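The values are calculated or read from the model by the stated rules, or taken from the named source; none is laboratory data. As the structure is a prediction and not an experimental result, all values here were calculated from the model. Here the Cβ positions follow ideal geometry from the backbone for every residue, glycine too, while neighbour counts run over all protein chains shown. The protein model used for the area step is the full one, side chains on, heavy atoms only, and it has no ligands, DNA or RNA in it. Shrake-Rupley method; radii C 1.70, N 1.55, O 1.52, S 1.80 Å.
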Amino acid sequence: MSGSTLTNPGPDHLPWSLFNLSYMNCCCLGLVATIYSVKSRDRKVVGDVEGALHYGSTARSLNIAATVLSILIFIIFIALAATGTFAAIKGTS
């Protein structure tokens, strides 16, 4: 067996990508992260360690961005609800 098939190319972050796709699909970053995760897994199966690392790293970055943006949007939503902004908007119409 060749040495490249024995080395672990790293995680593909597929579960995290699927979670972001299902629950935190902010700006479709979850979809793009899932695509890169699947590409990373495909490269791992083929034996392309460098390609798997590249796609896995991109999927990780997109997952971080999707998670951070979704948390920020959630915090802003809670802050707006707590300050009564939604009630003020509802009362003006």
Between N25 and I76, what is the label-point separation in nm under the 7 Å Cα-to-beta-carbon projection? 2.0 nm
Can you tell me the relative contact order of the chain? Whole percent, Cα pairs under 8 Å, sequence separation 6 or more. 30 percent
Per residue of the chain, what 222 nm ellipticity follows from adding -39500 (n - 2.57) for every DSSP H run with n ≥ 4, rounded to the nearest 500? -26500 deg cm²/dmol
Could you go through the stretch 33-46 in sequence order and give the Karplus-derived ³J(HN,Hα) for each residue, using 6.51 cos²θ - 1.76 cosθ + 1.60 with θ = phi - 60°, rounded to whole Hz, and x for Gly and Pro? 5, 5, 4, 5, 5, 5, 5, 5, 5, 5, 5, 5, 5, 6
How much accessible surface does D42 have with a 1.4 Å probe, in Å² rounded to 10? 80 Å²
Counting only protein chains, not ligands or nucleic acids, how are L14, L21 ordered by accessible area (probe 1.4 Å), most first? L21, L14
